[in-house]
1. Run through region 332-366 and list the trypsin sites (Lys or Arg not before Pro) located in a DSSP loop whose Cβ has at most 14 other Cβ atoms within 10 Å.
2. Calculate one ³J(HN,Hα) per residue across region 140-150 by plugging θ = phi - 60° into the Karplus curve 6.51 cos²θ - 1.76 cosθ + 1.60, and present them in order as whole Hz with x for glycine and proline.
3. Report the calculated FRET efficiency for K265 and H93 (r = Cβ-Cβ distance, R0 = 25 Å), to the nearest 0.05.
4. Which ³J(HN,Hα) values, rounded to whole Hz and listed in residue order, are derived for region 279-294 from phi using the Karplus coefficients 6.51, -1.76 and 1.60 in 6.51 cos²θ - 1.76 cosθ + 1.60 with θ = phi - 60°, glycine and proline given as x?
5. Determine the distance separating the Cα centre of region 135-175 from the Cα centre of region 51-88; give it in Å without decimals.
6. Projecting each Cα onto the charge dipole of the chain (Lys/Arg +1, Asp/Glu -1 at the beta carbon, about the Cα centre), which of Y156, A218, L30 comes out farthest on the positive side?
7. Filter the trypsin sites (Lys or Arg not before Pro) in region 205-259 to those in DSSP coil with at most 10 other Cβ atoms within 10 Å of their Cβ, and list the result.
8. When ranked by the protection proxy of mean other Cβ atoms within 10 Å per residue, highest first, what sequence do the peptides 91-99, 45-53, 331-339 form?
Amino acid sequence: MNACEYIPGLENIPAAKSSISFVDGQDGILEYRGISIQELANKSSFLECAYLLIWDQLPTQSQLEAFESEIRYHRRVKYRIRDMMKCFPETGHPMDALQTSAAALGLFYARRALDDPEYIRQAVVRLLAKIPTMVAAFHQMRRGNDPVQPHDKLDYGANFLYMLTERKPNALAAKVFDVCLTLHAEHTMNASTFSAMVTASTLTDPYAVIASAVGTLAGPLHGGANEEVLVMLEEIGSVEKVSPYIEKRVANKEKIMGFGHRVYKVKDPRATILQGLAEQLFEETGRDEYYEIALELERVVEEKFGQKGIYANVDFYSGLVYRKLGIPTDLFTPIFAIARVAGWLAHWKEQLAVNRIFRPTQVYVGSHNMPYIPIEKRV
Ligand code: SDX
């Protein structure tokens, strides 16, 4: 490939050298700092994974306890931000509310002291700690309630569910939700991470970096797909209607949400784990009527498109897990963002060390030496 060849979507074009995570799309492998996602899903926790991703080492017991304790301390959000969020329209999408409030954190904490390791560490803690609180606060306020204050005795994921529902989750729900956060924490050079890196490369503040990434994740081709999957399952309505629905969607050249991936050409390993989590929840709380439709949908899509490398991705089963946990559909993508803050921050730190602004080139296909035509002579 010569230096000036244009590749749409930068497909297979390296944008960084990174040691944070690794994906093998042919064999369905995902590793965080070299540790398999299956090991981490079974044995780790979201905050331990966040520490691993951001500081490139598994924390000791005392390091993890100190990290968790500092996150708990910073969970609360200043009243000025809560008051600002009270002005958000209740019909606004929670991802837009999150993007706005994440950027607002910069009004209070951005010092752009990027050469100060303590500033970096504080920004990491504040963003990980406050993003869940802001998502839950917007949800409470749009229902006409006051925000539920964080519960200092609850772990990270359990506290989010508590702030969202005003009920402490049971042990299974808390564990399943924490694994969901781990699964969504990081995924190499995806669109929102790339967006975070481009923003970071200008040496702006980390709050602006996260706001950029949230806006990118919101799109239906990226993090927004998990919400669209539930819409699709509701539209299909029954197992018998799956095939006709797919035929019609393909005929209309509409993508099937929750399937396909730029890198994975086999089933996304995260989808497999999420499917298992959904079945664990179903054992305790009964099967979801959409699950049978989802299983048939996966079978039909695999039959029709498997040879093109189109299989279920991370967004296909996540919505069924969240629905079982009583989470509203339009909060599925904000939950994706809550988790991905860990990966975005890891790449932000890694990008700072590169210290080179992103400025790609283009292949110019326009005209030259064109005349300026006076407005009275234009047709
Ligand atoms: C995430 O990058 C990441 O790592 C992202 C992510 C992460 O953790 O950050 O994994 C999270 O974003 C998962 C993806 C969620 N999005 C969706 O589920 C939306 C539906 N999927 C598609 O939009 C699509 O598969 C993408 C965007 C995910 C990937 O698109 P690509 O790599 O650009 O693939 P493509 O659009 O070039 O498609 C190649 C072919 C096309 O057919 P042809 O024109 O060659 O005949 O495959 C077809 C596409 O039409 N195709 C699909 C399809 N995905 C690809 N056809 C129907 N339904 C689909 N879902």
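Here, each number is a calculation from the coordinates, and none is a lab measurement. Computed from a predicted model, the values in this text were never measured in an experiment. Ideal geometry is used to build each Cβ from the backbone, glycine not excepted, and the neighbour counts take in all protein chains shown.
1. On the way: sites: R340, K349, R356; in loops: R356.
Hits after loop and neighbour filter: R356.
2. So the Karplus estimates, Gly and Pro as x, are 5, 5, 5, 8, x, 9, 6, x, 8, 5, x Hz.
3. Using R0 = 25 Å, I get an efficiency of 0.20.
4. Karplus values, whole Hz, x for Gly and Pro: 5, 4, 5, 4, 4, 8, 10, x, 5, 8, 4, 7, 5, 4, 5, 5.
5. If we compute the Cα centre of each part, the gap is 15 Å.
6. With unit charges placed on the Cβ atoms, the residue in question is A218.
7. Those that pass, being in a loop and sparsely packed, are K253.
8. Numbers: 91-99: 18.9, 45-53: 22.7, 331-339: 25.7.
Going by the mean number of other Cβ atoms within 10 Å, highest first, we get 331-339, 45-53, 91-99.
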